[in-house]
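Working notes, structure below.
The values are calculated or read from the model by the stated rules, or taken from the named source; none is laboratory data. Keep in mind that this is a model prediction, so the values were computed, not measured. We place every Cβ from the backbone using ideal geometry, glycine too, and count neighbours over all the protein chains shown. These accessible areas exclude ligands, DNA and RNA; they are computed on the full protein's heavy atoms, side chains included. Shrake-Rupley method; radii C 1.70, N 1.55, O 1.52, S 1.80 Å.
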Amino acid sequence: MSDKKNIQVCFTADQFSKYSDGKSTVVVVDVLRATSVISTAFMEGVKAIIPVQNLDEALSFKGKEGYIIAAERNAKPIEGFDYGNSPFHYINADVIGKTLVLTTTNGTKAIYNAKDHKVITASYINIDAVANHLLDEHNNIIILCSGWKGVFNLEDPIFAGSLATLLLSSGKYDSNCDSLFASRQLMNNSNGNIFKFLSESSHRKRLKSLNMENDTRFCLAPPVKSTIIPILEGSKLVIL
Ligand code: MLT
């Protein structure tokens, strides 16, 4: 009997209940921008990240010593919070040793939906470290794309295709998942230029309309790589 493990791709946070098995390792991705922000914040010295589901929960930490609060809705920062959801907010910022409380439109919801599993977060910043960790662990995997308000987006499945290709090339996994097959086709069709391929994507256009194209460029082709793998322990993301 093959000792190959299985990989699946779930296209939106809302569909996760169809994949949930309580045993697989869940890799949450919201590449534009929540999981890219999470990777960047840890790289810049944040101690822990508490993903929360609503603005009031995040605001309950406002002004607490050692905490910073960040919120995004519809890609926009929210009045009254320290930060929005741009990776640039955390670069060379006063975040070392702080605990970040974060709520976003989709990414923090995906993390919550998967909380009964081992959950790690991935981006193009830490994709190589995540792939190596998963290969060492050799467990069944669900790559959970955050999507946009319950519907499919392009960028997260392209990332899923990138990660799945790295894992399947090891020979240690197989898959019978149409979402994974579609994700790999999308990734292949981007011909190595995801930014260009996403010219017509809804979220790239949404971010562009808010003068956030540089965020998109950074998240899709980050100038830095990190070996940090954020893992959910209780209600907090910490460094694995
Ligand atoms: C999300 O979590 O929905 C995204 O990160 C939205 C964004 O910040 O662009």
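Flag set for residue 111, criterion: among the hydrophobic types (A, V, I, L, M, F, W, C), farther than 20 Å from residue 198 by Cα, touching a Pro at 6+ places or on another chain (Cβ under 6 Å) and touching a residue at least 40 places away in the same chain (Cβ under 8 Å). Scan the stretch 1-29 for residues that are open to solvent by 10 Å² or more (accessible area, probe 1.4 Å), in a loop (DSSP other than H, G, I, E, B) and modelled with pLDDT of 95 or more and the total you get is 7. Against the criterion of being surrounded by fewer than 21 Cβ atoms within 10 Å (Cβ to Cβ), farther than 24 Å from residue 163 by Cβ and touching a helix residue (DSSP H, G or I) at 6+ places or on another chain (Cβ under 8 Å), residue 78 qualifies.
The single condition among (1) farther than 17 Å from residue 118 by Cβ; (2) within 16 Å of the ligand (Cβ to nearest atom) that residue 35 does not meet is (1). Is it fair to say residue 56 is charged (D, E, K, R), more than 12 Å from the ligand (Cβ to nearest atom) and either part of a strand (DSSP E or B) or modelled with pLDDT under 95 (or both)? So residue 56 fails the test.
Please note which helices (runs of 4 or more DSSP H) are completely contained in the stretch 108-227 and include at least 2 residues that are open to solvent by 10 Å² or more (accessible area, probe 1.4 Å) and more than 16 Å from the ligand (Cβ to nearest atom). Break it down into steps so the answer makes sense when it comes.
Numbers: elements: 127-137, 155-168, 178-189, 194-197, 202-209, 213-220.
Result: 127-137, 155-168, 178-189, 194-197.
Conditions tested, residue by residue: (1) at negative phi; (2) under 18 Å from the mean Cα position of the chain (by Cα); (3) among the polar types (S, T, N, Q).
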{"residue": "52", "(1), (2), (3)": "yes, yes, no"}
{"residue": "66", "(1), (2), (3)": "no, no, no"}
{"residue": "97", "(1), (2), (3)": "no, no, no"}
{"residue": "102", "(1), (2), (3)": "yes, yes, no"}
{"residue": "108", "(1), (2), (3)": "yes, yes, yes"}
{"residue": "112", "(1), (2), (3)": "yes, yes, no"}
